Amino acid sequence: MVIASSYKYGSNALFVSQKLRENGLNSVMKDEPKEKLPFQVLVKESDLEIAIPLIEKLEIVESDLDPESEGYLAGHSEWNDKMYDPGHYTGGKIEHWIYNKDIWKYLAPIYLIGGIGILGMIIFGFMDIDFDSILWIVIYLFVGASMIWQLKNRKREK
């Protein structure tokens, strides 16, 4: 086996080796830590003429990445400092009904009216009486009544 190419980073050599295998060429990645470019891709001597044009088409970049130039550490620090701020990473302010826990008291009448409305539709003949309609009436009335009960008990405690 002969050296087809050498790379500074193992990920680049592994990528090239995988691409050569996808094209039907037998390739091996070798690590030589004492070399300037420690990661080498080896191919059979007979496949070298085919492998070199394939490797040149891949356009592997061997330049060093500076973490500061990419803003990685700055972005991580910003996320770490502001990860609990409402809406910081969603593009704006989170609406009050999402984080406001007192909004449930306005939903209680909606559940009660919904349950009474379904019951009225059954009484006036707009719906048939079946298991689903009875189940939804019970659920809506129970949830609405329990919310009003909690609201009533909450006001007494204050």
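Values quoted throughout were computed directly from the atomic coordinates according to the rules given, and no laboratory measurement underlies them. Quick caveat: nothing in here was measured; it's all calculated off a predicted structure. Every residue, glycine as well, gets a Cβ built from its backbone with ideal geometry; the counts of neighbours run over all protein chains shown.
Summary of computed values
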{"quantity": "Under 5 Å, built H, 5+ apart or other chain: amide partners of Ala4", "calculated": "Val41, Leu42, Val43"}
{"quantity": "5 angstrom amide H check on Met127, placed H, neighbours 5+ away", "calculated": "Ile122"}
{"quantity": "Under Karplus coefficients 6.51, -1.76 and 1.60, residue-wise ³J(HN,Hα) of segment 19-26 in Hz, glycine/proline x", "calculated": "5, 5, 5, 5, 8, x, 9, 7"}
{"quantity": "Computed label-point distance, nm, for sites Ile123 and Leu14 using a 7 Å Cα→Cβ extension", "calculated": "7.1"}
{"quantity": "Distance (nanometres) between label positions extended 7 Å along Cα→Cβ at Ser146 and Tyr106", "calculated": "2.3"}
{"quantity": "Derived scalar couplings ³J(HN,Hα) [segment 44-58; Karplus, 6.51 cos²θ - 1.76 cosθ + 1.60; whole Hz; x for Gly, Pro]", "calculated": "5, 4, 6, 8, 4, 5, 7, 6, 4, x, 5, 5, 5, 6, 6"}
